[in-house]
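Bear in mind that the values in this text are calculations on the coordinates, not laboratory data. Keep in mind that this is a model prediction, so the values were computed, not measured. Cβ atoms come from the backbone with ideal geometry, glycine included; neighbour counts cover every protein chain shown.
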Amino acid sequence: MGKVEHNPQLDLLSVAPISLSDAKGITVARHYMRTWPQGARLAFGLFMARQCLGVMVLGYAPTTEKKVKKYTNNIRRDQYIELQRTWVSDKLGHNAESWFMARAMRSLKKIGIWVVLTHSGGCKDDVGFIFQASGWLYFGAEKCNDFFKTAANEYKNLVSALRFGRVPKDIISTGSQSCGEYLFGPGQIVEARRHLYLYPIKKGIRRRLKKYTSPFPKNPAVYRLNQAWGNDQMEVRARGANA
């Protein structure tokens, strides 16, 4: 592994809890999905002086408990949480996202969180290099066709719309593509994967979780590097080697 160049902007940053209303405004405006997770419970902001240049949102999805307890049963709901959205300004350059994540984990440890769950991929087949480089453990992938990419290049999640009955049954019976068109107009279902990562905060849990891990996925068609999306395989291989 080569020497990692220090980003001097990191010395000017701080992390603090922020209100969910403030986090929602920034997330919907800045995050590539342009959506807000309904199960959000807490959020952190990344600040330079008084300017918020990053947001991390955590909470509970319908499947959070099932996925966490598949690998660690003796845990209460207040001891685990899911990382649902992360946005960091491109202005901050390399290592800002992992720096932000490390400080957020320290704050979560103080309030008694043992394990954090998150996903990469979903609407883009991002294998999660940031998680690989930040000490997360990998637990495999599943097929994901929950997202619909509109003609305006926006990613829309079909799950909540289907769960709350916004699509007639006769449309549902014709498949996800028809559901997406009914809800959002012209576009295409995204065929991708959803990659599962867990971060053990409590001492001792990492050793137990490692029994169930899989090798990190590499060389995706699309990936995220320093908050930018691309598909340069030379960059992917270089980044994977340093993960």
Quick one: which residues, 5 or more positions from residue 84 or on another chain, have an amide H under 5 Å from its amide H? H modelled 1.01 Å from N in the peptide plane, none for Pro or chain starts. 57, 58, 59
Starting at the first residue of the stretch 13-18, write each ³J(HN,Hα) from the Karplus equation 6.51 cos²θ - 1.76 cosθ + 1.60 with θ = phi - 60°, in whole Hz, x for Gly and Pro. 9, 9, 10, 8, x, 10
Please report, to one decimal in angstroms, the Kirkwood hydrodynamic radius of the stretch 87-149 built from all distinct Cα-Cα pairs. 13.7
Report the full-extension gain for the segment residue 36 to residue 150: residue separation times 0.36 nm, less the Cα-Cα distance, to one decimal in nm. 39.3 nm
So how long is each side of the stretch 2-80 along the principal axes, counting just the alpha-carbon atoms, biggest first, in Å? 42, 36, 22
Nonlocal amide H pairs with residue 123, under 5 Å, H built at 1.01 Å: none
Can you give me the distance in nm between label points at residue 210 and residue 70, each placed 7 Å from the Cα along the Cα-to-Cβ direction? 2.2
So what J values fall out for the stretch 129-143 if you push phi through Karplus, 6.51 cos²θ - 1.76 cosθ + 1.60 with θ = phi - 60°, rounded to Hz, Gly and Pro as x? 4, 4, 6, 4, 7, 10, x, 6, 9, 9, 10, x, 10, 9, 4
Quick one: which residues, 5+ away or cross-chain, put their amide H under 5 Å from the amide H of residue 114? H built at 1.01 Å from N. 80
Given only helices, namely DSSP H runs of n ≥ 4 each adding -39500 (n - 2.57), what is the per-residue ellipticity at 222 nm of the chain, to the nearest 500 deg cm²/dmol? -8000 deg cm²/dmol
Kindly provide the pair-distance distribution of the stretch 132-215 built from C-alpha pairs, with 5 Å bins from 0 and whole-percent values in order of increasing distance. 3, 14, 18, 15, 11, 9, 11, 10, 7, 2, 0
To the nearest µm²/s, what D does Stokes-Einstein give for the chain at 25 °C and 0.890 mPa s, using the Kirkwood radius over alpha carbon pairs as Rh? 129
If the reach is capped at under 14 angstrom between alpha carbons, list the aspartates and glutamates near residue 156, excluding any in the same chain fewer than eight residues apart. 146, 181, 191
